[in-house]
Each structure stands twice: as C-alpha cells, then as structure tokens.
Amino acid sequence: MLISDAGPRAHRRQFVISRQPFLPDEDWTSTAISNEFHLSYQRDLPVQVLEQGGRGLMLLGSAVALALEAGPDDLAGRFARIEWPYLYPDPSALLPIHYGETSDGPLVTSSPSLAAQLGGGGVTPREIAWAGLNWTPPPATAVAGIARLMRDQRLAIPTATAERVDRPIRPAASVTAARDGMAADLTTLAGTLKDGTGTTYLALTAGLDSRTLLASLLAAGTRFECVTQSFDGVKPADIEIAGRISRHLGVRHHVIGPEAFDEAPLRLWREHGLESYSDADDAHLIPQNQYRFLGADDLLVRGGCFEFGRRFYASRFTGLDFGNATGMSLWSRFEAVAPHPPTVAALDAWLDWRRRHDDGLDLVDSFYLDQRAGGWLSAVEHGLDMLPGRSLPAANCSRILSALITPPEADRSDGRLQHDVIRLLEPGLLRFPVNPVSLGDRAVRLLHRTRAGIRRRIKRVLPEAMVRRLRR
C-alpha cells in the first residue's frame, strides 16, 4: 500500500546505494545489503527479496514475471535487480542507474538529482528543448564524476564500475513465432494487472502501440479505463478515434484537458529529474495538472519501446552507420544549433562502447534501444515517478523486444507484427484507422522536413555565429 501523499513529490520511488544510510525524511527506509553497503529507498518504490537457484536477489521497481521461475528475459516493466555484488538494469535501462566514486565511497542511485546532491560533483547545464535531441544521452549524465549504466552492462557495486554483460536481442525463429509469443506475453502481462487495488488506465490514442496494449487487456479480461490527454499539439484524431474505440467497447474514456499553468509542480519536476529531458511533460502535462486522474494505487499502462520494431530512426540516419558516425554527425541530425561539447562527447562515448561491444544491431536499432528508450523514455518515466500511481511501459521485456525485430525490414516499418498481434487477439480493433494523416498533417510534415533541410544546407555554407543569428 502506498503511503505517500497524493500529490507530486520530488524523489518519489528513488533509491540510493551507499556506505551510509540515506534517510532524508520519514518516508525513506534503509536496509543493509552487505557488510558495507546499504540500500535506502523512498517507500513507494516496490522492493522484493527473492530466492532463485539458491541465490538471494532483490528486485527494485515494477517487474512483471511472464513465466514461472522467471529469469531476466521473462521480466517486463521497469526495474533493476541486485545479485550481490552486482546490479543489473532492465532490458532497456528504463529504470536509470547513476553511479560513481565519491569522497564517501561508491554511490549508486536511480536519481540524477540525488546523484548531484550526494556525489559532490558540479552539474553541467544544457538547455534542452522539446524538439531535437531532447534528453541527456547515456552513458553521460549532467553530474561530474557520475555515469549512467547501459542496458548491456552490470554494475559492480563495491567498486562502482561497469562491466559488459551479455543481453542479446535476437529475432525469433519466425514471424509466426514472434506474433504468437508477443501476443501470449502481452496477454499474460495484462492478466497480472487484475489483482491491482486501484484503477488500471490505458493511455489510448489513435496509434498502433496503445491499440496493441488494448487488444491484450481485452484478451486477458482485465478491467480498465482509457485516458487521452488533450493539449496543444495533440492530433484531434487521437482524441476522436480513442473515443470511438472506447464507445464501441463500452469502456469509460477520460479526456484530460489542461488546467491553469502552475509553476509549483514544474519546480518539483526540475528538482526531481535535474531537467534531464524536455517534452510534453514539462511543457504541458505536469504544470497543467493533466495527470490528475491518477490516484495512489492506480496504474497507467503506456506504450514505449514498441517503436523499436518500426525502425524509428531509419529516415533520420540515412547514410550513417557505425563505420562513419561520430558524435558530431549524430548531433547534426537532431540539432541546427551550435554543438554542445559534453553532449557530443557523450554520443562519441556511446559510439565507442557499441563499436567495442557489438550487440548484433545496426546503428538505427542500437540508437533507439540505448538512447530513445534508455535515454529519453527512461527520463520521461523517471519524471512520472514523482506522481501518485505507477506507470508501466509494458513492452520493455527481452522476449518482446526480440519479437519486434523479427519481421523483414519492410514489414517492420509498417508495424506488421503489431497488426498481426491485434488481429490475433481482438481483430475488431483494426476496423478503426491507425494514425490517420490529414491533409493538414501532410502539409505540416512537409514544412518541417523542408525547414530542416534548409537548416542543414545553411549550416554547411555559413559560419555558426551567422546560423545562430538567423535562427533568432
């Protein structure tokens, strides 16, 4: 049972591993995990102590088992596990792990803000805008001396050092096997939500990802309600089609509009996440109270990670691969402003890790998993930790990620696998259009592509100072 107050709260669901207990207030607790180290955590963070194969382990965060005697590849959600002396991230590192050596010894924490507070290092500020590279790229953080654990690393806690660990994402034996496996896994996961004491909400839009989760909830017979947030920039089709689907199913649909802008929860968001990303959350949803439907025991089921299957960055990275990509070339595919040296260095560090530790994925897929999921989505989910209730990115599971990359590339870009899963679980959902593109949307996309192309051409021929003046 959650014990915290119902409103937003900085450092909710966060943990710290250090030599001394960290107890900033009465809502934190601490337990020894070795002779030298303590795990301290805010009490809303789920912590499970388990035994597996004769060894003790701890699960931190929201981990859903998709099989009996579940191993790491059978867990979905957002979590970390401790098998002393190591800490392992979830398949996409959605629960962030920040680590480093401090004057008081090794420090490990899920919170960039607490890493800055306890680590003693300075913070390198960067103005992050919603458009572009709108997150701090792992393995870097904004805190000096603090790094971020990657999805195929494990952390040796006593020395605060990262080691390579094999976390392969490999295609299933066939598209049929991928379809059947993903349908079964998502339905199993949806079935585990029946025992929740609060309301299960599905974040429903006109998109394919929420439709896939909807099909699994229906197949599992799990009770839920749908929610769509309405703010400046949301497509009308997201609200209209989500409403049509909900009425067709007889499911309650909440459209959450904005309230008056309030700076106070935005200040909490900044304190909680050290402004590690910028998106709709800080621009609209948090300061305009658009998560107000969430109660303390409620669950918000969200997409996330499904885009991995659709080759999300294929068009953006045309002409780039691990052979010719640099931090600067990646930066230029997102930004038309002067490079931010620490961010470019972080991208170079990531490229160096991937070149030395091939995971069988190309630049497009690796960047999505390590950066879009492990960087941006991880930061978004971390921001949502400050709210009551829990967010569950259901597709974050090694088995589901492997299924998503199974179809041929052409089928992947069209989302064939997800369409097939929906057809298998609840075919009636395919009668509703998926992300219909209006004439106005086409015009806006063309305008954005044209502007981006012009900016790239200007950058090639004009000095950077002049580019900045033109941008203003």
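A quarter of the convex hull surface defined by the alpha-carbon atoms of the chain gives 22.3 nm² as the mean projection.
Take T318, project a point 7 Å from its Cα along the Cβ direction, then tell me which residues of the stretch 405-423 have their backbone nitrogen under 18 Å from it. Correct set: 410, 413-414.
Which shape class applies to the stretch 291-420: rounded if a/c is under 1.5, otherwise prolate when a/b exceeds b/c and oblate if not, where a ≥ b ≥ c are the square roots of the Cα gyration tensor eigenvalues? Oblate.
By the gyration tensor of its Cα atoms, with a ≥ b ≥ c the square roots of the eigenvalues, what is the shape of the stretch 76-214: rounded for a/c under 1.5, prolate for a/b over b/c, or oblate? Verdict is prolate for the stretch 76-214. Net charge dipole, the stretch 237-277: roughly 320 debye, given to the nearest 20, about the Cα centre with Cβ charges of +1 for Lys and Arg and -1 for Asp and Glu. Set the Förster distance to 30 Å, then compute FRET efficiency between V437 and D297 from the Cβ-Cβ distance, nearest 0.05. The computed FRET efficiency comes out at 0.20.
Rounded to the nearest 20, the size of the Cβ-charge dipole of the stretch 140-285 about its Cα centre is 620 debye, with Lys and Arg at +1 and Asp and Glu at -1. Packing, as the average of other Cβ atoms within 10 Å across residues, places the peptides 387-397, 196-206 in the order 387-397, 196-206, highest first. Max-minus-min Cα coordinates of the stretch 23-136 on each principal axis give 46, 38, 26 Å, with the largest extent listed first. Give the range of the longest stretch in the chain that excludes all GluC sites (Glu not before Pro) found in loop regions by DSSP and having at most 15 other beta-carbon atoms within 10 Å. Segment 260-472 is the longest.
Inter-label distance, E101 to D73: 3.6 nm, where each label sits 7 Å from its Cα along the C-beta direction. Calculated mean residue ellipticity, 222 nm, the chain: -10000 deg cm²/dmol, from DSSP H runs (n ≥ 4) at -39500 (n - 2.57) each, averaged per residue and rounded to 500. Quick check for you: which residues of the stretch 166-186 have the amide N under 14 Å from the point 7 Å beyond the Cα of Y86 toward its beta carbon? Once the point is set 7 Å along Cα→Cβ of Y86, 166-168 turn out to lie under 14 Å by backbone N, inside the stretch 166-186. Summing charges over all other residues whose Cβ lies under 10 Å from the Cβ of A314, with Lys and Arg as +1 and Asp and Glu as -1, gives +1.
Taken as Cα centroids, the stretch 281-332 and the stretch 135-201 sit 15 Å apart, rounded to the nearest whole angstrom. Per-residue surface analysis assigns R9 an accessible area of about 50 Å², computed on protein heavy atoms at 1.4 Å probe radius.
Computed on the chain, with alpha-carbon pairs under 8 angstrom and 6+ residues apart, the relative contact order is 20 percent. Once the convex hull of all Cα atoms in the stretch 343-410 is built, its volume per residue stands at 113 Å³. Taking the Cα centre of the chain as origin and assigning +1 to Lys and Arg Cβ atoms and -1 to Asp and Glu Cβ atoms, the resulting dipole is close to 1860 debye. For the stretch 242-331, the residue among G273, C305, G327 whose Cα projects farthest onto the positive side of the dipole built from Cβ charges is C305.
The values are calculated or read from the model by the stated rules, or taken from the named source; none is laboratory data. Being a predicted model, the structure only gives us computed values, none of them experimental. Cβ: placed from backbone, ideal geometry, glycine included. Neighbour counts: every protein chain shown. In case anyone asks, the SASA skips ligands and DNA or RNA and just uses the protein heavy atoms, side chains included. Shrake-Rupley method; radii C 1.70, N 1.55, O 1.52, S 1.80 Å.
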